[in-house]
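Colleague: Mind having a look at this structure? Questions to follow.
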Amino acid sequence: MFSIPAKFWLGFYFISFFFIWGVFLPFWGVWLEAQGLSSDDIGILFSIGLMLRFVSSVGLLPNVSTGAGSLRLLRVLAFFVVIAFSFLLYQREQIWLSIITLLVNFLLAPMMPLGDIIGNRLVKQINLDYGRVRLWGSLSFIVGSTCIGWLIVQYGKEAILWTIIIASLVMWILTLFQLSPGLEDGDNARKKHEYSLFSLFKRRNVLLFVLIVGGIQGAHGAYYAFSSIYWARQGIPEVTIAWLWGISVCAEVVLMRFNTKFFSRWTIKQMFLLGLIASIIRWFVFSQTTDVYILGVVQIFHAMTFAVTHLATIRYIGLQNNADMVRYQSLYSGVGLGLMTALFTYISGNLFESLQGNIFLIMSILLIPILWFLKIWEIESEQS
């Protein structure tokens, strides 16, 4: 089997995965609507899909203890992603659209943290500059979301499915390559967890942490599921919608690249507060206007609502001892990014047809109590 330098493999993996994510996340709802599904059905599918992301993240990831196991799981997941999307070329009945959408959410969810797990191993083995490699993923997201807007104009909404299938096939082929050097396993790989992942919830500050990060990240649910549909209904062209998504991720890339310079003196709570306030403002503005120039400016806030919140979370997880770090990461991926986002998406799906753009106002209002959670949250220790 062919081998590829580990650093380049990881970069290519992030490029392929986030290209798919850049098409799937903003435009899969648009494709489903074109197949005849209602916004209520789409909202339910997205919220259940997020629940399945939670199930797969907390169910599969804790069982991966070796480098070979990480790559093997990635290979299997990528293969079934190709099969699942390709199946839709032959079956378009609503039941199959629903089943495949849910299955794909289950399959894709562990693939992002698996890339992070492999990246963390390479940081220790070859002193990989993880941040610089990860940036290629965000840039690829921009390329995916902008290219698909142009492809829709040229070839129709069917281009969404074909683009994802081709990109998924490329990603699966990449997972077949061996890494050079191979992933090494330390002593920790042979250690088993002696207590439940959810025993962490017995700790008050852990529960508050999940509510804070889950609230800020979860409020993106309405944006992920319905912003493209809402903007299209308001007459905004798909190409423009794609550029709006591209602006948000471009802002994220810039912030990630210079995060040390921007936030080296900020505390974790200050970073969460910035992400929270920016979220309240961002969703409020979304509810009040569809002016593309104003939306373009507010999309820059994604650097704070998502990226700053993510960086603060990673910093907080880094404060934990080695035994707890994997469990905190699983809680973040499964509960914060999965379960809480599912809840907000479900609320959005139920209210979208009646409220339209005002669902973003609901997101803004729901974030207000998080200010209190952040105020009473205590961090046992924080590195300067």
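The values are calculated or read from the model by the stated rules, or taken from the named source; none is laboratory data. Quantities reported herein were computed from a predicted structural model and do not represent experimental measurements. A quick note on method: Cβ atoms are made from the backbone with ideal geometry, for glycine too, and the neighbour counts reach across all protein chains shown. Please note that ligands, DNA and RNA were not included when accessible areas were found on the heavy atoms of the full protein model with its side chains. Shrake-Rupley method; radii C 1.70, N 1.55, O 1.52, S 1.80 Å.
Colleague: (1) open to solvent by less than 40 Å² (accessible area, probe 1.4 Å); (2) closer than 20 Å to Ile216 by Cα: which one isn't true of Tyr230, the others all being true?
Modeller: (2)
Residues are listed down the side, and each one gets a yes or a no for (1) within 23 Å of Trp245 (Cα to Cα); (2) more than 22 Å from the chain's Cα centre (by Cα):
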| site | (1), (2) |
| --- | --- |
| Asn259 | yes, no |
| Arg265 | no, yes |
| Ser279 | yes, no |
| Thr289 | yes, yes |
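Colleague: Check Lys124 against each of (1) within 23 Å of the chain's Cα centre (by Cα); (2) at pLDDT below 90; (3) more than 21 Å from Gly29 (Cα to Cα) and name the one condition it does not meet.
Modeller: Failing condition for Lys124: (1).
Colleague: Restricting to the stretch 1-44, and then to whatever is among the aliphatic types (A, V, I, L, M) and not in a helix (DSSP H, G or I), can you tell me which residue is least open to solvent (accessible area, probe 1.4 Å)? Before the answer, list the steps.
Modeller: Our first condition is that a residue be among the aliphatic types (A, V, I, L, M); within the stretch 1-44, this holds for 1, 4, 6, 10, 15, 20, 23, 25, 30, 32, 34, 37, 42, 44.
Those left that are additionally not in a helix (DSSP H, G or I): 1, 4, 37.
Numbers: Met1: 160, Ile4: 30, Leu37: 8 Å².
Result: Leu37.
Colleague: Further question on the same structure: Filter the stretch 328-341 down to the residues that are open to solvent by 30 Å² or more (accessible area, probe 1.4 Å) and closer than 13 Å to Leu211 by Cβ and list them by number.
Modeller: Leu339, Met340
Colleague: Note down all Cβ pairs under 6 Å where the first residue falls in the stretch 157-170 and is farther than 16 Å from Leu25 by Cα, the second is assigned to a helix (DSSP H, G or I) and open to solvent by 10 Å² or more (accessible area, probe 1.4 Å), and they're at least six residues apart or on different chains.
Modeller: Taking only residues 6 or more apart or on different chains, the pairs are Leu169/Val82; Val170/Ser16.
Colleague: Mind checking which residues of the stretch 238-258 are without any contact (Cβ under 8 Å) to a residue 60 or more places away in the chain, over 11 Å from Phe306 (Cα atoms) and either in a helix (DSSP H, G or I) or open to solvent by less than 50 Å² (accessible area, probe 1.4 Å) (or both)? If you could, list the steps in order and put the result at the bottom.
Modeller: In the first step, residues of the stretch 238-258 are kept if they are without any contact (Cβ under 8 Å) to a residue 60 or more places away in the chain; the result is 244, 247-248, 251, 254-255, 258.
Keeping just the survivors that are over 11 Å from Phe306 (Cα atoms) gives 244, 247, 254, 258.
Listed by number, the residues that qualify are Leu244, Ile247, Val254.
Colleague: Taking the conditions exactly as written (open to solvent by less than 40 Å² (accessible area, probe 1.4 Å), within 18 Å of the chain's Cα centre (by Cα), at pLDDT below 90 and of a type outside the set (Ser, Thr, Tyr)), does Ala303 satisfy them or not?
Modeller: no
Colleague: Right, another one. Just one of (1) part of a helix (DSSP H, G or I); (2) open to solvent by less than 50 Å² (accessible area, probe 1.4 Å); (3) hydroxyl-bearing (Ser, Thr, Tyr) trips up Thr290, so point out which.
Modeller: For Thr290, the exception is condition (1).
Colleague: Is one or more of the residues making up the stretch 85-100 within 19 Å of Gly221 (Cα to Cα) and open to solvent by less than 60 Å² (accessible area, probe 1.4 Å)? Spell out how you get there, then give the answer.
Modeller: Looking only at the stretch 85-100, we keep the residues that are within 19 Å of Gly221 (Cα to Cα), and these are 98.
Of the ones still in play, those that are also open to solvent by less than 60 Å² (accessible area, probe 1.4 Å) are 98.
Scanning the stretch 85-100 turns up at least one residue that is within 19 Å of Gly221 (Cα to Cα) and open to solvent by less than 60 Å² (accessible area, probe 1.4 Å).
Colleague: Here is a check on your reading of the model: is Ile359 open to solvent by less than 40 Å² (accessible area, probe 1.4 Å), of a type in the set (Val, Ile, Thr) and more than 12 Å from Val213 (Cα to Cα)?
Modeller: yes
Colleague: Checking Leu200 against (1) under 28 Å from Arg327 (Cα atoms); (2) open to solvent by 10 Å² or more (accessible area, probe 1.4 Å), which test does it fail?
Modeller: (2)
Colleague: Among the residues of the stretch 167-217, write down those that are modelled with pLDDT of 90 or more, among the small types (Gly, Ala, Ser) and closer than 30 Å to Pro369 by Cβ.
Modeller: Selection gives Gly214, Gly215.
Colleague: Can I ask one more? Select, from Phe352, Phe344, the only residue that is open to solvent by less than 10 Å² (accessible area, probe 1.4 Å), touching a residue at least 24 places away in the same chain (Cβ under 8 Å) and either within 27 Å of Gln288 (Cβ to Cβ) or over 23 Å from the mean Cα position of the chain (by Cα) (or both). Even if it seems obvious, please write down each step before you answer.
Modeller: Values: Phe344 fails: open to solvent by less than 10 Å² (accessible area, probe 1.4 Å).
The match here is Phe352.
Colleague: Can you pull out the residues in the stretch 260-281 that are assigned to a loop (DSSP other than H, G, I, E, B) and either touching a helix residue (DSSP H, G or I) at 6+ places or on another chain (Cβ under 7 Å) or without any contact (Cβ under 8 Å) to a residue 24 or more places away in the chain (or both)?
Modeller: Once the filter is applied, which keeps residues that are assigned to a loop (DSSP other than H, G, I, E, B) and either touching a helix residue (DSSP H, G or I) at 6+ places or on another chain (Cβ under 7 Å) or without any contact (Cβ under 8 Å) to a residue 24 or more places away in the chain (or both), the stretch 260-281 yields Ser264, Arg265, Trp266.
Colleague: While we're looking at this one, here's another question. Only residues that are free of Cβ contacts under 8 Å to residues at least 60 places away in the same chain and open to solvent by less than 10 Å² (accessible area, probe 1.4 Å): list them for the stretch 46-60, please.
Modeller: Ser56 - this is the single residue of the stretch 46-60 that is free of Cβ contacts under 8 Å to residues at least 60 places away in the same chain and open to solvent by less than 10 Å² (accessible area, probe 1.4 Å).
Colleague: Looking at Thr163, Thr175, can you tell me which residue is farther than 16 Å from Gly22 by Cα, among the polar types (S, T, N, Q) and buried (at least 18 other Cβ atoms within 10 Å of the Cβ)?
Modeller: When all the criteria are applied, what remains is Thr175.
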